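Below: one structure, written as C-alpha coordinates.
The values are calculated or read from the model by the stated rules, or taken from the named source; none is laboratory data. Every value quoted in this text rests on a predicted model; they were computed, and no experiment measured them. Please note: Cβ atoms are built from the backbone with ideal geometry, for glycine as well, and neighbour counts cover all protein chains shown. When the accessible area is computed, the model is the full protein with side chains, heavy atoms only, and any ligands, DNA or RNA have been set aside. Shrake-Rupley method; radii C 1.70, N 1.55, O 1.52, S 1.80 Å.
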Amino acid sequence: MTTADYEHTKTSLVDVYNGGVDAWNNEYREDLARTSWQLKIDNHTIPLVTIDTPEPLEKVKDAHAYQALRFATPPVLPISDPAATLMGSGDVNIADPRLKYTDSSGGSVPDVMRPREISLIVEDQGRTQELELPPIPLLQKEVKRSGGWKVCKYQHAGFYSGRGQSCTTYNVLAGICLKVSKHENGTWAFNSTYGGSGCSSRTGWRMYSWHRVQAPSSGRPPTIPDLQRVEFPDLVVRSAFDPHILALHMTAGKLIFAEPQAEELATGLVLIIIGSVAFLPACLLCYPIYRAYRQRKRREAYHYDHQADEVDYGV
(Lines give C-alpha, C1' and ligand atoms only; values in the text may rest on other atoms or scores of the structure.)
Protein backbone atom coordinates (compact mmCIF):
# COMPACT_ATOMS: atom_id res chain seq x y z
CA MET A 1 0.00 0.00 0.00
CA THR A 2 1.29 3.46 -0.92
CA THR A 3 0.94 6.67 1.04
CA ALA A 4 -1.60 7.88 -1.52
CA ASP A 5 -3.77 4.78 -0.94
CA TYR A 6 -3.65 5.30 2.82
CA GLU A 7 -4.58 8.98 2.55
CA HIS A 8 -7.44 8.14 0.17
CA THR A 9 -8.83 5.51 2.56
CA LYS A 10 -8.58 7.81 5.54
CA THR A 11 -10.21 10.70 3.68
CA SER A 12 -13.11 8.44 2.65
CA LEU A 13 -13.67 7.34 6.25
CA VAL A 14 -13.56 10.90 7.54
CA ASP A 15 -16.14 11.91 4.90
CA VAL A 16 -18.50 9.20 6.16
CA TYR A 17 -17.88 10.30 9.75
CA ASN A 18 -18.58 13.94 8.85
CA GLY A 19 -21.89 12.88 7.33
CA GLY A 20 -22.84 11.29 10.65
CA VAL A 21 -21.75 14.40 12.56
CA ASP A 22 -23.86 16.64 10.34
CA ALA A 23 -26.93 14.42 10.82
CA TRP A 24 -26.35 14.50 14.59
CA ASN A 25 -25.98 18.26 14.71
CA ASN A 26 -29.01 18.95 12.49
CA GLU A 27 -31.52 16.40 13.83
CA TYR A 28 -30.66 13.57 16.20
CA ARG A 29 -29.06 15.55 19.02
CA GLU A 30 -32.14 17.70 19.40
CA ASP A 31 -34.33 14.58 19.61
CA LEU A 32 -32.27 13.28 22.53
CA ALA A 33 -31.97 16.69 24.22
CA ARG A 34 -35.76 16.94 24.56
CA THR A 35 -35.88 13.80 26.72
CA SER A 36 -35.23 12.90 30.35
CA TRP A 37 -34.33 9.41 31.55
CA GLN A 38 -34.58 7.38 34.73
CA LEU A 39 -33.13 4.01 35.67
CA LYS A 40 -35.61 1.72 37.40
CA ILE A 41 -34.35 -1.27 39.42
CA ASP A 42 -37.19 -3.33 40.91
CA ASN A 43 -39.41 -0.56 42.30
CA HIS A 44 -36.73 2.10 42.81
CA THR A 45 -35.78 4.80 40.33
CA ILE A 46 -32.59 6.83 39.80
CA PRO A 47 -32.74 9.97 37.63
CA LEU A 48 -30.03 10.05 34.98
CA VAL A 49 -28.01 13.22 34.40
CA THR A 50 -26.93 14.71 31.09
CA ILE A 51 -23.24 14.62 30.16
CA ASP A 52 -21.86 16.77 27.36
CA THR A 53 -18.15 16.12 27.92
CA PRO A 54 -16.45 15.30 24.61
CA GLU A 55 -14.74 11.92 24.34
CA PRO A 56 -11.26 11.23 22.93
CA LEU A 57 -10.92 10.80 19.20
CA GLU A 58 -7.97 10.95 16.83
CA LYS A 59 -7.32 14.53 15.76
CA VAL A 60 -8.10 14.50 12.07
CA LYS A 61 -7.84 17.40 9.68
CA ASP A 62 -11.20 18.48 8.21
CA ALA A 63 -13.22 16.42 10.74
CA HIS A 64 -16.42 18.23 11.74
CA ALA A 65 -17.02 19.23 15.37
CA TYR A 66 -20.08 18.27 17.38
CA GLN A 67 -21.46 18.74 20.88
CA ALA A 68 -21.63 15.50 22.82
CA LEU A 69 -24.75 14.44 24.71
CA ARG A 70 -25.52 11.30 26.67
CA PHE A 71 -27.29 10.31 29.89
CA ALA A 72 -25.68 8.46 32.79
CA THR A 73 -26.11 7.61 36.46
CA PRO A 74 -24.94 10.41 38.77
CA PRO A 75 -21.27 10.39 39.82
CA VAL A 76 -22.41 10.28 43.45
CA LEU A 77 -25.73 8.70 44.37
CA PRO A 78 -27.64 10.46 47.16
CA ILE A 79 -27.47 8.56 50.45
CA SER A 80 -31.20 9.13 50.91
CA ASP A 81 -31.94 7.48 47.57
CA PRO A 82 -33.80 4.18 48.17
CA ALA A 83 -31.70 2.62 45.41
CA ALA A 84 -28.63 3.11 47.60
CA THR A 85 -29.26 -0.16 49.44
CA LEU A 86 -29.95 -2.25 46.35
CA MET A 87 -26.46 -3.68 46.26
CA GLY A 88 -26.50 -4.89 49.86
CA SER A 89 -28.75 -5.22 52.85
CA GLY A 90 -27.12 -2.79 55.27
CA ASP A 91 -25.71 0.68 55.63
CA VAL A 92 -24.06 2.75 52.93
CA ASN A 93 -20.48 3.85 53.51
CA ILE A 94 -20.78 7.64 53.24
CA ALA A 95 -17.00 8.02 52.94
CA ASP A 96 -16.96 6.23 49.60
CA PRO A 97 -16.94 8.60 46.59
CA ARG A 98 -19.24 6.17 44.82
CA LEU A 99 -21.87 3.80 46.15
CA LYS A 100 -20.27 0.41 46.83
CA TYR A 101 -21.29 -3.04 47.96
CA THR A 102 -21.27 -2.38 51.72
CA ASP A 103 -23.00 -4.16 54.55
CA SER A 104 -22.30 -3.46 58.21
CA SER A 105 -23.37 -6.97 59.15
CA GLY A 106 -20.84 -8.61 56.78
CA GLY A 107 -23.50 -11.02 55.51
CA SER A 108 -23.59 -13.09 52.32
CA VAL A 109 -24.92 -11.88 48.97
CA PRO A 110 -27.83 -14.09 47.89
CA ASP A 111 -29.89 -10.97 47.22
CA VAL A 112 -27.21 -9.56 44.94
CA MET A 113 -27.29 -12.79 42.88
CA ARG A 114 -31.04 -12.53 42.41
CA PRO A 115 -32.02 -11.34 38.90
CA ARG A 116 -33.24 -7.75 39.05
CA GLU A 117 -36.04 -6.17 37.06
CA ILE A 118 -34.31 -3.32 35.23
CA SER A 119 -35.93 -0.81 32.90
CA LEU A 120 -35.53 2.72 31.57
CA ILE A 121 -38.21 5.37 31.88
CA VAL A 122 -38.04 8.07 29.22
CA GLU A 123 -40.11 11.24 29.13
CA ASP A 124 -40.31 13.02 25.80
CA GLN A 125 -42.38 16.22 25.63
CA GLY A 126 -44.93 15.02 28.18
CA ARG A 127 -45.05 11.46 26.88
CA THR A 128 -43.74 8.76 29.26
CA GLN A 129 -42.52 5.38 28.08
CA GLU A 130 -40.83 2.44 29.82
CA LEU A 131 -38.22 0.30 28.07
CA GLU A 132 -37.68 -3.03 29.80
CA LEU A 133 -34.40 -4.92 29.94
CA PRO A 134 -34.02 -8.66 30.51
CA PRO A 135 -33.74 -9.46 34.26
CA ILE A 136 -30.11 -9.65 35.29
CA PRO A 137 -28.29 -10.28 38.57
CA LEU A 138 -25.72 -7.88 39.95
CA LEU A 139 -23.44 -10.84 40.77
CA GLN A 140 -23.22 -13.74 38.33
CA LYS A 141 -21.96 -17.24 39.11
CA GLU A 142 -20.45 -19.48 36.41
CA VAL A 143 -19.29 -23.09 36.72
CA LYS A 144 -17.21 -24.72 33.97
CA ARG A 145 -14.68 -27.52 33.60
CA SER A 146 -11.05 -26.68 34.28
CA GLY A 147 -7.72 -28.32 33.51
CA GLY A 148 -6.37 -27.81 37.03
CA TRP A 149 -6.47 -25.70 40.16
CA LYS A 150 -3.64 -23.40 39.11
CA VAL A 151 -5.40 -22.44 35.89
CA CYS A 152 -8.66 -21.95 37.76
CA LYS A 153 -7.21 -19.86 40.59
CA TYR A 154 -4.54 -17.79 38.89
CA GLN A 155 -5.94 -17.35 35.37
CA HIS A 156 -9.68 -17.27 36.10
CA ALA A 157 -9.74 -16.09 39.75
CA GLY A 158 -12.03 -19.01 40.53
CA PHE A 159 -12.51 -21.80 43.06
CA TYR A 160 -11.42 -25.25 41.89
CA SER A 161 -13.36 -28.37 42.82
CA GLY A 162 -11.24 -31.49 42.44
CA ARG A 163 -14.23 -33.80 42.70
CA GLY A 164 -15.97 -32.40 39.66
CA GLN A 165 -12.86 -30.87 38.07
CA SER A 166 -14.82 -27.66 37.79
CA CYS A 167 -13.96 -23.99 38.24
CA THR A 168 -16.47 -21.63 39.85
CA THR A 169 -16.10 -17.94 39.03
CA TYR A 170 -18.02 -14.80 40.01
CA ASN A 171 -18.57 -11.72 37.86
CA VAL A 172 -19.95 -8.42 39.13
CA LEU A 173 -22.02 -6.24 36.85
CA ALA A 174 -19.65 -3.36 36.07
CA GLY A 175 -21.72 -1.30 33.66
CA ILE A 176 -24.69 -1.06 31.35
CA CYS A 177 -24.51 0.95 28.13
CA LEU A 178 -27.49 1.20 25.81
CA LYS A 179 -28.02 2.89 22.49
CA VAL A 180 -31.52 4.03 21.63
CA SER A 181 -33.31 5.61 18.70
CA LYS A 182 -36.61 7.33 18.10
CA HIS A 183 -39.14 5.85 15.70
CA GLU A 184 -41.27 7.86 13.31
CA ASN A 185 -44.31 7.41 15.59
CA GLY A 186 -42.45 9.20 18.40
CA THR A 187 -41.60 6.14 20.53
CA TRP A 188 -38.13 5.21 21.72
CA ALA A 189 -36.58 1.75 21.46
CA PHE A 190 -33.28 -0.01 21.90
CA ASN A 191 -31.27 0.06 18.69
CA SER A 192 -29.45 -3.12 17.62
CA THR A 193 -27.41 -1.55 14.80
CA TYR A 194 -23.96 -3.13 14.32
CA GLY A 195 -25.06 -6.36 16.02
CA GLY A 196 -26.36 -5.41 19.46
CA SER A 197 -27.91 -2.74 21.66
CA GLY A 198 -24.62 -2.00 23.41
CA CYS A 199 -22.41 1.00 22.78
CA SER A 200 -19.05 -0.35 21.68
CA SER A 201 -17.47 -2.92 19.43
CA ARG A 202 -14.97 -3.52 22.24
CA THR A 203 -17.70 -5.43 24.08
CA GLY A 204 -19.19 -6.98 20.95
CA TRP A 205 -22.04 -4.43 21.18
CA ARG A 206 -23.33 -6.20 24.30
CA MET A 207 -25.35 -4.12 26.76
CA TYR A 208 -23.61 -5.42 29.88
CA SER A 209 -19.97 -5.41 30.95
CA TRP A 210 -18.68 -7.54 33.82
CA HIS A 211 -15.81 -7.40 36.32
CA ARG A 212 -14.27 -10.65 37.61
CA VAL A 213 -13.89 -10.89 41.41
CA GLN A 214 -11.73 -13.41 43.23
CA ALA A 215 -13.72 -16.43 44.38
CA PRO A 216 -13.29 -17.20 48.10
CA SER A 217 -11.08 -20.20 48.91
CA SER A 218 -13.89 -21.61 51.04
CA GLY A 219 -15.97 -22.43 47.98
CA ARG A 220 -18.85 -20.28 49.21
CA PRO A 221 -20.16 -17.21 47.37
CA PRO A 222 -18.40 -13.89 48.06
CA THR A 223 -19.56 -11.89 51.05
CA ILE A 224 -20.42 -8.21 51.02
CA PRO A 225 -16.95 -7.25 52.38
CA ASP A 226 -15.42 -9.20 49.46
CA LEU A 227 -17.22 -6.83 47.10
CA GLN A 228 -16.50 -3.55 48.91
CA ARG A 229 -14.15 -2.29 46.21
CA VAL A 230 -16.66 -2.79 43.43
CA GLU A 231 -18.67 0.32 42.65
CA PHE A 232 -22.31 0.59 41.73
CA PRO A 233 -22.59 -0.29 38.03
CA ASP A 234 -22.63 2.70 35.70
CA LEU A 235 -25.48 3.02 33.25
CA VAL A 236 -25.15 5.11 30.10
CA VAL A 237 -27.83 5.88 27.51
CA ARG A 238 -26.67 7.09 24.09
CA SER A 239 -28.30 7.84 20.81
CA ALA A 240 -27.64 5.27 18.09
CA PHE A 241 -26.72 8.24 15.88
CA ASP A 242 -24.12 9.62 18.28
CA PRO A 243 -20.94 10.35 16.26
CA HIS A 244 -18.93 8.60 18.96
CA ILE A 245 -20.86 5.37 18.27
CA LEU A 246 -20.18 5.78 14.55
CA ALA A 247 -16.48 6.37 15.18
CA LEU A 248 -16.26 3.25 17.38
CA HIS A 249 -17.86 1.20 14.62
CA MET A 250 -15.64 2.60 11.85
CA THR A 251 -12.42 2.14 13.84
CA ALA A 252 -13.21 -1.22 15.52
CA GLY A 253 -13.26 0.51 18.89
CA LYS A 254 -9.81 2.12 18.56
CA LEU A 255 -10.95 5.62 17.53
CA ILE A 256 -8.13 5.89 14.99
CA PHE A 257 -9.21 6.19 11.37
CA ALA A 258 -7.69 3.81 8.82
CA GLU A 259 -5.47 2.20 11.42
CA PRO A 260 -5.17 -1.15 9.54
CA GLN A 261 -4.05 0.71 6.41
CA ALA A 262 -1.60 2.77 8.47
CA GLU A 263 -0.19 -0.43 9.97
CA GLU A 264 0.19 -1.95 6.49
CA LEU A 265 2.01 1.16 5.27
CA ALA A 266 4.28 1.22 8.31
CA THR A 267 4.95 -2.51 7.97
CA GLY A 268 5.89 -2.05 4.31
CA LEU A 269 8.29 0.77 5.12
CA VAL A 270 9.88 -1.26 7.91
CA LEU A 271 10.32 -4.25 5.61
CA ILE A 272 11.96 -2.05 2.97
CA ILE A 273 14.38 -0.65 5.55
CA ILE A 274 15.15 -4.10 6.95
CA GLY A 275 15.64 -5.48 3.45
CA SER A 276 17.98 -2.64 2.55
CA VAL A 277 20.01 -3.12 5.72
CA ALA A 278 20.14 -6.88 5.23
CA PHE A 279 21.23 -6.48 1.58
CA LEU A 280 24.06 -4.06 2.43
CA PRO A 281 26.47 -6.71 3.83
CA ALA A 282 25.92 -8.82 0.72
CA CYS A 283 26.84 -5.82 -1.43
CA LEU A 284 29.97 -5.22 0.60
CA LEU A 285 30.98 -8.86 0.28
CA CYS A 286 30.31 -8.92 -3.46
CA TYR A 287 32.20 -5.72 -4.21
CA PRO A 288 35.71 -7.26 -3.88
CA ILE A 289 34.63 -10.12 -6.14
CA TYR A 290 33.27 -7.66 -8.70
CA ARG A 291 36.44 -5.54 -8.46
CA ALA A 292 38.65 -8.60 -9.01
CA TYR A 293 36.48 -9.58 -11.97
CA ARG A 294 36.88 -6.12 -13.54
CA GLN A 295 40.64 -6.17 -13.01
CA ARG A 296 40.91 -9.60 -14.60
CA LYS A 297 38.93 -8.42 -17.61
CA ARG A 298 41.16 -5.39 -18.00
CA ARG A 299 44.28 -7.54 -17.86
CA GLU A 300 42.85 -9.92 -20.48
CA ALA A 301 41.96 -6.98 -22.73
CA TYR A 302 45.46 -5.50 -22.31
CA HIS A 303 47.12 -8.83 -23.08
CA TYR A 304 44.96 -9.31 -26.17
CA ASP A 305 45.80 -5.85 -27.48
CA HIS A 306 49.56 -6.45 -27.11
CA GLN A 307 49.30 -9.80 -28.86
CA ALA A 308 47.54 -8.14 -31.78
CA ASP A 309 50.31 -5.55 -32.06
CA GLU A 310 52.99 -8.26 -32.25
CA VAL A 311 51.41 -10.24 -35.09
CA ASP A 312 53.78 -10.52 -38.06
CA TYR A 313 52.00 -9.70 -41.33
CA GLY A 314 55.11 -10.38 -43.44
CA VAL A 315 55.12 -12.53 -46.64
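Can you tell me which of T50, T45, T73 is closer than 30 Å to E132 by Cβ and at pLDDT 90 or above?
T50
Taking region 177-187 only, how many residues are open to solvent by 10 Å² or more (accessible area, probe 1.4 Å) and in contact (Cβ under 8 Å) with a residue 40 or more places away in the chain?
Number of matching residues: 5.
State all residues of region 141-185 that are in a loop (DSSP other than H, G, I, E, B) and closer than 30 Å to F241 by Cβ; if no residue qualifies, say none.
Once the filter is applied, which keeps residues that are in a loop (DSSP other than H, G, I, E, B) and closer than 30 Å to F241 by Cβ, region 141-185 yields H183, E184, N185.
Within region 192-205, can you find the residues that are touching a helix residue (DSSP H, G or I) at 6+ places or on another chain (Cβ under 9 Å) and not aromatic (F, W, Y)?
Result: T193, G195, G196, C199, S200, S201, R202, G204.
Are any of the residues in region 92-112 in contact with a Leu (Cβ under 9 Å, 6 or more places away or on another chain), open to solvent by 90 Å² or more (accessible area, probe 1.4 Å) and modelled with pLDDT under 90?
The answer is no; no qualifying residue exists.
For region 206-224, which residues satisfy the criterion of being closer than 21 Å to S166 by Cβ and touching a helix residue (DSSP H, G or I) at 6+ places or on another chain (Cβ under 9 Å)?
Once the filter is applied, which keeps residues that are closer than 21 Å to S166 by Cβ and touching a helix residue (DSSP H, G or I) at 6+ places or on another chain (Cβ under 9 Å), region 206-224 yields R212, V213, Q214, A215, P216, S217.
Taking H249 as the residue in question, decide whether it is touching an Asp or Glu at 6+ places or on another chain (Cβ under 6 Å) and not in a strand (DSSP E or B).
no
Which of (1) at pLDDT below 80; (2) open to solvent by 20 Å² or more (accessible area, probe 1.4 Å) does F241 not meet, given it meets every other one?
(1)
Mind listing whichever residues of region 198-218 are open to solvent by less than 40 Å² (accessible area, probe 1.4 Å) and more than 15 Å from the chain's Cα centre (by Cα)?
Correct list: V213, A215, P216.
State whether the residues of region 151-170 include one that is in contact with a Leu (Cβ under 8 Å, 6 or more places away or on another chain), modelled with pLDDT of 90 or more, surrounded by 15 or more Cβ atoms within 10 Å (Cβ to Cβ) and of a type in the set (F, W, Y).
Yes; the residues of region 151-170 include at least one that is in contact with a Leu (Cβ under 8 Å, 6 or more places away or on another chain), modelled with pLDDT of 90 or more, surrounded by 15 or more Cβ atoms within 10 Å (Cβ to Cβ) and of a type in the set (F, W, Y).
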